[in-house]
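What follows is a set of notes on a single structure, which appears directly below.
The values are calculated or read from the model by the stated rules, or taken from the named source; none is laboratory data. Bear in mind the structure is a predicted one, so any value in this text is a computation, not a measurement. We place every Cβ from the backbone using ideal geometry, glycine too, and count neighbours over all the protein chains shown.
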Amino acid sequence: MVQPRILHSCGLFGMWTYTRKMEKPPMSERQYSRRDFGRFTALAGAALGVAAVGFGPSALARMTSADPATPGAPVKQMSILILGGTGFSGPKMAEYAKSRGHKVTLFNRGKTEKRIGIIEDVDKLFGNRDPDKNAEEGDATTPKGLTQLEGKKFDAIIDTSGFYPRHVKASAELLKDSGYYLFISTISVYKGNGGAADETDELGVVEDTTTENMGAQMERYGPLKVLCEKEVQRVFGDRSAIVRPGFIVGPGDPSDRFTYWPVRASEGGDMLCPGDGTDPVQFIDNRDLAEWCVRMCEKKTPGVFNAIGPDGTEGKKLNVKGLVDACLAASAATGGKKATPVWVPFAFLEEQQVSVGGDLPIIIPSQGEAAGFHRRSNARAVAAGLTYRPVEDTCQATLEWWPKEVARRERVGKQLVEDAKKAGKDAPKLGDPAKLRVGLSREREAEVLKAWREHKG
């Protein structure tokens, strides 16, 4: 079985990259081991810290600051600190918070904005989540560690960039006099994914609690997030919330994982789809996540929450067919070509060395030890006010954003080449900015579909 290996890449466009060929034992019956499963799910929710797309004055600034749960209700102005704030979800949080009248401060190294553009009308503090390092590592002229946060307190803190417990401990203790701490974790914290479960499910454990090495297969990513959660809860107690997203998707997604599906649908022709369409799928639109987190800060809602979803129509859970149908609808709405889904059994895809989850991203079969990954309960989050926009909206917005992202990647690539030339260095090897970083190529897809037709006779 060809298994994808997801790495935390800091390459050209900050993408998750896939190693497509790895020797693995046969996986008949789709019995995924914890290690195998971790290869393509380990970084669910981690795209928060990856550079995405820039923006100018947002239309959100024209929105009312009324609480959507209580139309017309005023929102008390707050001071909100976002640790990170320039990745995928951070900018959306900042914009939504500003639209509701809050004063927003970002704390980060000051690097990402060089690629995404300036985030306007926010206070900016610089430094490093690591107390021992400068904003620009090795440059003593840049602010060190958390020094620019010393002596400050905020009504609420949203931590989008905490990955190591030592770093989170330092920020939580320094800011302990602030009102509320919302920590973005991940559903990868759970030890197993064999069945549907809620927030009380057993959590992963890392043997060396001092390690800051994620591991070759990112196997320590989830367990380290567990330790980060504990540091927040230790310091802030019931003044804290732990938010565990699954796959975070929508316009601005730097991973290309979800983007593969609406873009592929818009290209038309026979479209390879895994299984029979009945397998469940859970993800969360970045905008839904960002807006809900800000509202959680307003209410200072404590607890632990699986930030996953969305539900399908008529109260039914979303399945792969529902996702594909939404992609087809989005393609039609944006003038894309008409695609025809061709459903191919998982067993045949395995024979063809097509990795579900990698070559066909987001999708995870509902058998074996991975059966519960897309079946986790979102009841707590929904009860706490999490709402979902239609899946069609997410797909359409992603399609409308994608050409802008291609242009951005091209612009960044040219800038990297120019910077290398000025520095007298070799120009970096750049990929095609219009090519999705994950998913089957059209050529490979055609090969598999041809083999499937021949197999059926």
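Structure notes:
- Sole residue being surrounded by fewer than 17 Cβ atoms within 10 Å (Cβ to Cβ), within 25 Å of the chain's Cα centre (by Cα) and hydrophobic (A, V, I, L, M, F, W, C), chosen from Ala427, Ala434: Ala434
- In the stretch 76-92, the residues that are part of a helix (DSSP H, G or I) and touching a strand residue (DSSP E or B) at 6+ places or on another chain (Cβ under 6 Å): Gly90
- If only residues of the stretch 236-251 that are within 18 Å of the chain's Cα centre (by Cα) and within 13 Å of Leu182 (Cα to Cα) are counted, the one that is surrounded by the most Cβ atoms within 10 Å (Cβ to Cβ) is Pro245.
- Qualifying residue in the stretch 79-100 (condition: assigned by TED's automatic domain parsing to the domain that holds Glu212, surrounded by fewer than 24 Cβ atoms within 10 Å (Cβ to Cβ), aliphatic (A, V, I, L, M) and modelled with pLDDT of 95 or more): no
- Gly151 vs. criteria surrounded by fewer than 19 Cβ atoms within 10 Å (Cβ to Cβ) and in the same structural domain as Ile308 (by TED's automatic domain parsing): yes
- Number of the exception - Cys293 against (1) in a helix (DSSP H, G or I); (2) surrounded by fewer than 24 Cβ atoms within 10 Å (Cβ to Cβ); (3) among the hydrophobic types (A, V, I, L, M, F, W, C): (2)
- Of all residues in the stretch 254-278, those satisfying the criterion of being closer than 22 Å to Asp393 by Cβ and part of a loop (DSSP other than H, G, I, E, B) are Pro254, Ser255, Asp256, Arg257, Phe258, Thr259, Glu267, Gly268, Gly277.
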